[in-house]
Amino acid sequence: MKRDEVHGNLEGIRDTIIDRLAALYDYQVDETAFLPRELMEFLAAVTGVIRREIAVYITRDGEIVNVSVGTDRDVELQDYRLRRNAQRLSCVRCVHTHPNGDGTLSDVDLSALRSFRYDAMVAVGCLNGQPTLVQASFLGANEQVILSDLVRWNRLPEQKWLEQIEESDRIIGREQKELDLGPEKCVLMGIESMESLEELARLAETAGAVVVGSFLQKKEKADGALFIGRGRAEELSRQCQALEADMCIFDEELSGIQVRNLEDLLRVKVVDRTTLILDIFAQRASTAEGKLQVELAQLEYQSARLIGEGLVLSRLAGGIGTRGPGESKLEMNRRRIRNRVTDLKRRLEEVERQRDIQRKNRERNEIPVAALVGYTNAGKSTLLNRMTGSDVYVHDQLFATLDSVARRVEEPDAPPFLLVDTVGFIRKLPHTLVNAFHATLEEALRADVLVLVNDGASPELHQQHETVEQVLAELGATTQPRVEVINKCDLLNGEHPLPGAVEVSALTGENLEGLRQAIRKAMGQTQVTVSFHVPYSAYHVMAPIRASGRLLEETHTDSGTCIRLSMTPQDRDRLISQIGAEYVMKQNG
């Protein structure tokens, strides 16, 4: 079912008429035109046939994003916003017809202008299938309405009205800048545990909200309509009102229908855990790849919930759950979302191909890779900086960095290796993010060694460790050698929560040498050192030898060349079967 459909009161209207109205979604209004005559004539003609009001919503770039049909007296006006900030103008003008021929705007029209903050509210009088008089209204300073005179439909002061939209936008923007709304106040609701709610509180704070209340209802099975049941939802509504909350964040993934029902009952914005995490990722994404991945995850998550959020899809009111790369239009219909998702996947596939080329270059040079994986905020980026001398962004917050970063670790008496920092994991990590960040997370899948970084300061270290193991299993990263690390060992107070783990402090640099040795030892399980002696008479075998591993040393003697390489056992066995064992001098590992 496509979203580019006609909404509202369609009973008794012929399919051919509905198809003609649906064709408006392909109509493009020139950006220099306020309301084209041909569009008014079309709306008047259809209004004359069906004798009902018709409303269309036009964006500033000339796209018609909604077509609705009402009764002979009114049409339900929609909350269409293409700006995240609910206090700014919506970037959409609403044009609707009056079948009685009177183009005068009603009090309801003017109220909708204020509530939905349209760029303009326009009424077109229609009589006998022809447009008659037109009136437009705009928002001014202090919520005052600027009302135009009634004008003939073919004499609209279009340039003046377009300029008025720009002026209204400046006025509203200036007033909004002067008004400091402060951070959003949110209430948390969970059904699992207080520990999970505490983590949700950290997520909310990371997103920029202030937690004013936290509630737990032990519930084995969620309610299909309201998630927590009607009685608890009504109580939560009173609590939200008492705490003056702007938003309620649920510690689980909600369906679109549940979100809509809860917002109707609670009368505040409802955000689930997945939307909250997606919002944080949207704030943190800095590279082109990261922005593509976040937008893909957002659109895939939103597309499954378009129906549940109603026909209006007014999810861009501002704040948490509405951010994304740029002024993204999540009010797109299903077809446009599907096309955008296809385009994003194509671009990410190109990124993945580039990653494969880089990976193959590393493999050709036989530079082993160790990937830092672990729970978010465990200190992976700080550890990377300490071990490589880098300056990757670090901060004491969840998901401080999203993009994988690779840095070379070099020491005078040992071969180099690459240390890769990956995105952190968390409980209930949204599947859309796992899919979208597949190219980034694949660094863990392809690494020679996994370095599992655990937060020694966290009382939930074991639960977090289990979450990391689950995500790695989901990725298929289960066969590589592992090095267990407990970071922040200075905060352990003598405890050893993971026996055998290397205890370090990325902050102070304590025992980093022990970690390097552990990583090299683990890499020894995947790399062996092999020495060859090749007589000058058999120099034809030098090419396959050099191509099979990373060159460590090469010397020339009177009898031939001695060459020492680091390679995988599989490459060693393949090479020996190809050239013969007589050239092998020594093997280590």
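The values are calculated or read from the model by the stated rules, or taken from the named source; none is laboratory data. Since we're looking at a predicted model, the values are computed, not measured. Virtual Cβ from ideal backbone geometry, glycine too; neighbours counted across all protein chains shown. Protein only, heavy atoms only, side chains kept; ligands, DNA and RNA dropped before computing areas. Shrake-Rupley method; radii C 1.70, N 1.55, O 1.52, S 1.80 Å.
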Return a yes/no flag: does the range 535-549 have any residue that is open to solvent by less than 40 Å² (accessible area, probe 1.4 Å), at pLDDT below 85 and touching a Pro at 6+ places or on another chain (Cβ under 9 Å). no
For the range 167-181, state whether one or more residues are over 31 Å from the mean Cα position of the chain (by Cα), at pLDDT 90 or above, in a helix (DSSP H, G or I) and crowded, with 16+ Cβ neighbours inside 10 Å. yes
The range 184-208: number of residues that are within 22 Å of residue 375 (Cα to Cα) and either among the small types (Gly, Ala, Ser) or open to solvent by 40 Å² or more (accessible area, probe 1.4 Å) (or both): 13
Is the range 37-50 home to any residue that is of a type in the set (Lys, Arg), touching a residue at least 12 places away in the same chain (Cβ under 8 Å) and more than 23 Å from residue 139 (Cβ to Cβ)? yes
Can you find even one residue in the range 209-226 that is loosely packed, with under 15 Cβ neighbours inside 10 Å, modelled with pLDDT under 95 and closer than 18 Å to residue 279 by Cβ? yes
May I ask you to verify whether residue 561 is modelled with pLDDT of 85 or more, of a type outside the set (A, V, I, L, M), outside any helix (DSSP H, G or I) and surrounded by fewer than 13 Cβ atoms within 10 Å (Cβ to Cβ)? no
Among the residues of the range 506-528, how many are in contact (Cβ under 8 Å) with a residue 40 or more places away in the chain and in a loop (DSSP other than H, G, I, E, B)? 6
Name the residues in the range 37-62 that are crowded, with 16+ Cβ neighbours inside 10 Å and closer than 17 Å to residue 7 by Cα, would you? 43, 46, 47, 50, 52, 53, 54, 55, 56, 57, 58
Based on this model, can you work out whether residue 498 counts as surrounded by 15 or more Cβ atoms within 10 Å (Cβ to Cβ) and assigned to a loop (DSSP other than H, G, I, E, B)? yes
Exception for residue 34 within (1) open to solvent by less than 30 Å² (accessible area, probe 1.4 Å); (2) at pLDDT below 95; (3) assigned to a loop (DSSP other than H, G, I, E, B) falls at (2)
All conditions in (1) modelled with pLDDT under 85; (2) among the polar types (S, T, N, Q); (3) out of contact with any strand residue (DSSP E or B) (no Cβ under 8 Å at 6 or more places or on another chain) are true of residue 237 except (1)
Looking at the range 453-463, which of its residues are at pLDDT 85 or above and surrounded by 22 or more Cβ atoms within 10 Å (Cβ to Cβ)? 453, 454
Could you name every one of the strands (runs of 3 or more DSSP E) located completely within the range 77-139 that has at least 3 residues being over 20 Å from residue 24 (Cβ atoms) and in contact with an Asp or Glu (Cβ under 9 Å, 6 or more places away or on another chain)? 130-139
Can you find a residue in the range 261-269 that is outside any loop (DSSP other than H, G, I, E, B), open to solvent by less than 30 Å² (accessible area, probe 1.4 Å) and at pLDDT 80 or above? yes
Among the listed residues 475, 429, 445, which satisfies the condition of being over 21 Å from residue 512 (Cα atoms), modelled with pLDDT under 75 and surrounded by 19 or more Cβ atoms within 10 Å (Cβ to Cβ)? 429
Name the residue that is modelled with the lowest pLDDT, counting only residues in the range 347-389 that are assigned to a helix (DSSP H, G or I), more than 22 Å from residue 291 (Cα to Cα) and open to solvent by 50 Å² or more (accessible area, probe 1.4 Å). 364
Quick one: is residue 251 within 17 Å of residue 299 (Cβ to Cβ) and crowded, with 17+ Cβ neighbours inside 10 Å? no
Just one of (1) at pLDDT below 90; (2) more than 21 Å from residue 162 (Cα to Cα); (3) not in a loop (DSSP other than H, G, I, E, B) trips up residue 74, so point out which. (3)
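Within the range 486-505, count every residue that is in contact (Cβ under 8 Å) with a residue 60 or more places away in the chain and of a type outside the set (D, E, K, R). Walk me through how you get there before you give the answer.
Of all residues in the range 486-505, those in contact (Cβ under 8 Å) with a residue 60 or more places away in the chain come to 487-488, 504.
Filter again for of a type outside the set (D, E, K, R), leaving 487, 504.
Qualifying residue count, the range 486-505: 2.
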Can you tell me how many residues within the range 462-481 are in contact with a helix residue (DSSP H, G or I) (Cβ under 7 Å, 6 or more places away or on another chain) and in a loop (DSSP other than H, G, I, E, B)? 4
